[in-house]
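The values are calculated or read from the model by the stated rules, or taken from the named source; none is laboratory data. Since the model is a prediction, treat every value here as computed from it, not as a measurement. All Cβ positions, even for glycine, are placed from backbone atoms using ideal geometry, and neighbour counts span all protein chains on display. The protein model used for the area step is the full one, side chains on, heavy atoms only, and it has no ligands, DNA or RNA in it. Shrake-Rupley method; radii C 1.70, N 1.55, O 1.52, S 1.80 Å.
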Amino acid sequence: MVTLHIGIDDTDSKKAMCTTYVAAIIYEDLLKMGLTPVKRPQLIRLNPNCPYKTRGNAAVALRFAVNSGKLDNVRKTVLDRVYELAELECEGTEPGVAFYVGEEIPDKLRDFSMTVVRRMVSVEDAFSVASDVGAELYALKGRRGVVGALAAIGMDKIPRKTYELIAYRVKQNWGTLRRVDEDSVIKMDSMTSPWTFDNFDYETKESRITPHTPCPVLLGIRSLDPDMAFYAFSILRILEPVERVLLFETNQATDLHIQEVRISDIEENTSVSVEGIVADLPKVVPGGHVFFTLRDETGVIQCAAFEPTKSFRNVVRALRPGDRVRVYGGVKSKPGMPLTINLEKIHVISLAKYVRALPPSCNVCGKKMKSMGQNKGYRCPKCGNKLPEDSRVLVEEQRALTPGVYEVPPSARRHLSRPLSLEELAHHQEALKA
Ligand SMILES: [Zn+2]
């Protein structure tokens, strides 16, 4: 008996299909062949800043004990099924499958996986690592999918792993409105959170367990614990047939994509955590996006809270020059814009004293004066009296913000980002042990 590790990526499209569904079908195929899984199926999220990704940028790993005489047969079963189910006719879908035979995953392959979660990796790099460790790669159309397929295999040990229970729809319902009673989602959330998370966005008032794409997924329940995921599922009122249910181990909600860096080391299409000082007053631009500049001893970078981050923007708007913060987010560049961190989370470490300059009252008639422009002094609108700039009144602003960690709402959260609720739970658990 040997262990066969199977990685699958990029079988989906923006229209339909889902890599996890292809994997769920193959998982059942292999069980029917009498094979024994050596680990739960794994759903591996890759670099969320990859410009080619389909929405979630997910790959899947399956690991089975196989009689070495059966290996060729198993490989053929997997490839045939991917060929049958992948959206090959879809532009941009480039399915990849990877196989590795061995008890232990080599360190080189583990390192490769971590790199794919954090950065952009070329197809050539994937082929080079595969050849070094003796993994096989199959590119079914185009070659891009092999990167994620190989990376999925290398993620056998996920630090701070979580779970997602995925329920799938019967085929005739694909593309129709999902029928899951929303009140039961709220009930499930109240009964199982924080062990389950991102079930419902109370700010936008929408269920987060049902996707909006026409794919086979009915719903997904993210959980810290396998039993709790099934318990949560049992609470839901589902008003349509469920074709199958599979529980995946995942690297979702682990912050595995984040690298701690200094500003001069920031690269496009990576996710970073940077500590620095707020360098200017946050600006709100049309469309409701909020921008500010962050500075450390190595340079400056623009940070943004875009409109979909909703009330998180209030936190960013309340920042003042001199505040010490640690920001978390994906680094993007857009034409006509400097390199920008799209904020996912911000730790407000300490607040600066912020002093505002207000116009003085007129020393002749008592009316509030008006500024004549920056450093140009003040003029009274009633009697025309003028006063120099240094007559301004300095008032220390009562800061609206308190130090702490703030995050975007669930509707704007990336799959890999760790929700604060999980951090808090971990702290409570530590405290209980102590
Ligand atoms: Zn006056």
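Worth a mention:
- According to the Cα-based calculation, Rg over Rh for the chain is 1.09, with Rh computed by the Kirkwood formula.
- Sequentially through the stretch 403-413, phi angles give Karplus couplings (6.51, -1.76, 1.60; θ = phi - 60°) of x, x, 9, 10, 10, 6, x, x, 5, 9, 7 Hz, Gly and Pro residues having no value and appearing as x.
- Under the convention that each Lys and Arg Cβ holds +1 and each Asp and Glu Cβ holds -1, the size of the dipole of the chain around its Cα centre is about 2020 debye.
- Dimensions (Å) - the stretch 295-334, Cα atoms, principal axes, largest first: 31, 25, 14
- Under 5 Å, built H, 5+ apart or other chain: amide partners of Arg144: none
- Rounded accessible area per residue of the stretch 112-235, 1.4 Å, Å²: 43
- Accessible surface of the stretch 97-158 [probe 1.4 Å, protein heavy atoms]: carbon and sulfur percent: 48
- Degrees between helix 107-118 axis and first principal axis of the chain (Cα, 0 to 90, nearest 10): 40
- Accessible surface of the stretch 336-434 [probe 1.4 Å, protein heavy atoms]: carbon and sulfur percent: 52
- According to the calculation over all Cα-Cα pairs in the stretch 100-182, the P(r) per 5 Å bin from zero is 3, 12, 21, 16, 12, 11, 10, 9, 5, 1, 0 %.
- Expressed as a fraction of 2.2 N^0.38 Å, the C-alpha radius of gyration for the stretch 287-391 is 1.50.
- Gain in span if fully extended, Ser68 to Glu389, counting 0.36 nm per residue against the direct Cα distance: 107.1 nm
- In a DSSP loop and with at most 11 other Cβ atoms within 10 Å, there are no chymotrypsin sites (Phe, Trp or Tyr not before Pro) in the stretch 261-342.
- Using heavy atoms of the protein chains and a probe of 1.4 Å, the accessible area assigned to Asp9 is about 10 Å².
- When the chain is described by a simple charge dipole with +1 on each Lys and Arg Cβ and -1 on each Asp and Glu Cβ, the residue from Gly377, Ser131, Pro211 located farthest towards its positive end is Gly377.
- Between 0 and 90°, nearest 10: helix 71-85 axis offset from the chain longest Cα axis: 50
- Degrees separating the helix 145-154 axis from the principal Cα axis of the chain, which is the longest one: 80
- Residues of the stretch 324-363 with amide N under 13 Å of the 7 Å Cα→Cβ point at Asp296: 325-329
- Long-range tail of P(r) for the stretch 184-342 (Cα pairs > 20 Å, %): 62
- Subset of Lys108/Lys161; Lys310/Lys376; Lys310/Lys332; Lys32/Lys171; Lys205/Lys332 violating a 26 Å alpha-carbon distance limit: Lys310/Lys376; Lys205/Lys332
- Calculated accessible area for the stretch 355-396 comes out at 71 Å² per residue, all protein chains present (probe 1.4 Å; ligands, DNA, RNA ignored).
- Each residue of the stretch 336-347 was assigned a 3J(HN,Hα) from its phi angle through the Karplus curve 6.51 cos²θ - 1.76 cosθ + 1.60 (θ = phi - 60°); the sequence is x, 10, x, 3, 9, 8, 7, 5, 10, 7, 9, 9 Hz, with glycine and proline shown as x.
- Net lengthening on full extension, Gln172/Thr204 (0.36 nm per residue, minus Cα-Cα): 8.5 nm
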